[in-house]
Amino acid sequence: MKIALLSRNSKLYSSRRLVEEAKAKGHDIQVIDVLRVYMNIAAHKPTIHYKGEPLEGFDAVIPRIGASVTFYGAAVLRQFEMMGVYPLNESVALTRSRDKLRSLQLLSRRGIGLPVTGFASKPDDIKDVIKMVGGAPLVVKLLEGTQGVGVVLAETQKAAESVIEAFMGLKTHILVQEYIKEAGGADIRCFVVGGKVVAAMKRQAAAGEFRSNLHRGGNSSLIRITPEERSTAVRAAQIMGLNVAGVDLLRSNHGPVVMEVNSSPGLEGIEDATQKNIAGQIIAYLEANAKSGKTKTKGGG
């Protein structure tokens, strides 16, 4: 099988592991910088070019597209789909999951547990939005933030009003969410491959920090998840349309709540914590499912 790995950095742990496992299984895999790709969007024969050469003959494509290049990366992935190449995650699912507001609305519509979340655009509505999510302490999140950047814990009413007003003054879109105090600064990353949770880890925030992201000094450990948490993670990935996903859960007093569904989850933390070969399971999923033209959207949507 010939695989395209869309990644801006072949030295990243996740990229290296996927290349290692693909080659170990006898596949030809090429790492492609998504921003160096350019396309011919033709009616009869759409093509993709890279560094002056056409990209042809691929059976599958693995998108490892950073949040900062979602728009262009999704366009490249869509072009592969138009050429009949099987995507690990489809372009429509990728863009759906990257839109935090849209993804929460989709999960809410299907009855997935979520933190109470408010969304507004005018400073006049700040007090009511704060009341809506249960008052301070609360969490304010930039819609475009990743890896914990743009996430603020406001511990008092005045602090919440000031932070929200400041973000609105900068003309940025924000979510206001209830603070799940009982989670104790910890969340659970469930790694879903092909409709199954293949690994799970607990991420604990560093002392004095409420964000559990490993990039922010958090630590990871093996955890046993409940059947309800497993079911929630699988359903969340399915609702997003993702074959591979990292689903982040919090343990609240009213059951598991989904914080985010990640379409390009990192492999380093989860493989270290669980000692499982997740990269190998991803390649095995492609081996079982990658067939020419087998996309639900055919590059549409």
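With a Förster radius of 22 Å applied to the C-beta separation of Q105 and F71, the computed FRET efficiency comes to 0.60.
Using only Cα atoms, tell me the angle between helix 100-109 and the longest principal axis of the chain; keep it within 0 to 90° and round to the nearest 10. With rounding to tens, the tilt is 80 degrees.
Cα axis of helix 70-82 to longest principal axis of the chain: angle in degrees, 0 to 90, nearest 10? Relative to the chain, helix 70-82 is tipped by roughly 40 degrees. Spatially, the stretch 161-197 and the stretch 1-52 are offset by 32 Å when compared through their Cα centroids. Taking each of K141/K181; K23/K45; K127/K181 in turn, the alpha-carbon distance tops 24 angstrom for K23/K45. Per residue, the convex hull spanned by the Cα atoms of the stretch 2-96 measures out at 95 cubic angstrom.
Of the peptides 171-179, 48-56, the ranking by mean beta-carbon count within 10 Å, highest at the top, reads 171-179, 48-56. A simple spin-label model places pseudo-atoms 7 Å from Cα toward Cβ; at M1 and Q157 they are separated by 5.7 nm.
On the principal axes of its alpha-carbon atoms, the stretch 235-284 has extents of 35, 25, 14 Å, going from largest to smallest.
Kirkwood Rh over Cα pairs of the stretch 182-284 into Stokes-Einstein at 4 °C, 1.567 mPa s: D in µm²/s? Rounded to a whole number, D works out at 96 µm²/s.
Would you work out the charge dipole size for the chain about its Cα centre, treating the Cβ of every Lys and Arg as +1 and the Cβ of every Asp and Glu as -1, and quote it to the nearest 20 debye?
On the way: 40 positive and 29 negative charges, 101 e Å.
The dipole magnitude comes to about 480 debye.
Along the axis of the charge dipole computed for the stretch 182-284 (Cβ charges of +1 for Lys and Arg, -1 for Asp and Glu, origin at the Cα centre), the listed residues S252, S263, Q275 are led at the positive end by Q275. By how many degrees, 0 to 90 and rounded to 10, does the Cα axis of helix 157-169 deviate from the longest principal axis of the chain? Rounded to the nearest ten degrees, it is 40.
All C-alpha to C-alpha distances of the stretch 55-116, sorted into 5 Å bins beginning at zero, yield P(r) values of 3, 17, 25, 18, 14, 12, 7, 3, 1, 0 percent in whole numbers. A Gaussian network model of the chain, with springs between Cα atoms under 10 Å, assigns the largest mean-square fluctuation among A273, A237, A43 to A43. 3J(HN,Hα) couplings calculated from phi for the stretch 9-14 with the Karplus curve 6.51 cos²θ - 1.76 cosθ + 1.60 (θ = phi - 60°) are, in sequence order, 9, 5, 8, 4, 3, 4 Hz; Gly and Pro show x. Working note: Karplus 6.51/-1.76/1.60 with θ = phi - 60° gives the stretch 42-47 the couplings 9, 5, 9, 9, x, 10 Hz, where Gly and Pro are set to x. Amide H of V61 versus every other amide H placed in the peptide plane: which residues, excluding those fewer than 5 positions away on the same chain, fall under 5 Å? Counting only residues 5 or more places away or on other chains, the set is A4, Y86, L88. In the frame of its principal axes, the chain has Cα extents of 58, 41, 33 Å, reported largest first.
Taken together, the values in this text are just the output of simple stated rules run on the coordinates, not laboratory data. If you're wondering where the values come from, they're calculated on a predicted model, not measured in any experiment. All Cβ positions, even for glycine, are placed from backbone atoms using ideal geometry, and neighbour counts span all protein chains on display.
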